[in-house]
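Participant: Provided herewith is a single structure, encoded as structure tokens, for subsequent inquiry.
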Amino acid sequence: MRSVLNWMTVIIFISFALLLDLPFWAVIVLGIAFGIFFLFLDAVLSWPRMKFPAEIRLEPFDPNDPMLPGAVKAHFVDTDTVLRDLGFIFEGNFRIEDKTRRSFSCVAGYKNDASRDGATVVCDVAYSDKGMKTISAGIQYGSVMLDDSRVLTNCLSDLQVFKLKWRRTFSFPRVKDARRLFSIHQAVVGRFGGEKKGLPKEGLKDAYSKNWRREIDEMVERGYCSYALGKEQYSYSFKGAAIAFLRARMFGVFLLVGRYFWNKRFLDHAGKSGSR
């Protein structure tokens, strides 16, 4: 619905500009101003809905559940085979529901004690009265450094809205092969992470909840969000909403293009280093 309204707005603006017989430069200037105004209006209207629950509930799920889209089972089965060949051990799975967005995430966790890496297989599913559909699917590798920071490498296309002190995330959306992504993760850790230390001793759910809480605490500390008393949820502050809006909407395309060229340069360099 929003995309239809956006196109209608563009058509109305072009028609208005043609009727006024404006010079080309005036059409460009007004178009930019018009676009910024509607982006700002969209951000203001979206701000009250930018919330997330104060606590996450991790519930077990079965990839073979016939109610789930077939793509979910295929993703988990195929990735499981590759990860086991790479030396990973399956730790468990769980499901995280986000009722504010009418969606849930299916997650499977693995660990590799030999390489001191963890792996998370993720599949996001949206649901409505018409049924369920898969939004995205991917895999993320993670390592804990000696300073207790995290280096994460994934193939997800989502932009990281907030940069946090305790983790560095590198995304390679074009790399869908789990084996190749694992090799890239080792190159990323070698260049940006330093020396790994052993994986946390706590179980999968406890480790996930701990990292989630650590992320929320830093977001609160930086003023990106605050706890809404009596509603058991966090709301984005104006600062947090503005940063999310600027990165995801206004400058999102530039960040995606920049990431594409950075990824290409890094992969080319890693390929040359690996062939020596």
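Where a number appears in this text, it was derived from the coordinates with a stated rule and is not lab data. Bear in mind the structure is a predicted one, so any value in this text is a computation, not a measurement. Using ideal geometry, Cβ is built from the backbone for each residue, glycine included, and neighbour counts are taken over all protein chains shown.
Participant: How much FRET efficiency would the formula 1/(1 + (r/R0)^6) give for K201 and A71, where r is the Cβ-Cβ distance and R0 is 35 Å, rounded to 0.05?
Facilitator: Step by step, r from the Cβ atoms, then E = 0.55.
Participant: Through the Karplus equation 6.51 cos²θ - 1.76 cosθ + 1.60, θ set to phi - 60°, convert the phi angles of segment 72-78 into ³J(HN,Hα) values in whole Hz; use x for Gly and Pro.
Facilitator: Ordered by residue, 3J(HN,Hα) equals 5, 4, 4, 5, 6, 5, 5 Hz.
Participant: May I pose another question? List R95, R116, R84 from most exposed to least, where exposure is judged by having the fewest other Cβ atoms within 10 Å.
Facilitator: R84, R116, R95
Participant: Something else: For C225, C106, which order do you get if you count the other beta carbons within 10 Å of each Cβ and list the fewest first?
Facilitator: Starting with the residue having the fewest Cβ neighbours, the order is C225, C106.
Participant: Which order do Y141, Y227 fall in if you start with the one that has the fewest other Cβ atoms within 10 Å?
Facilitator: In order of increasing Cβ crowding within 10 Å: Y227, Y141.
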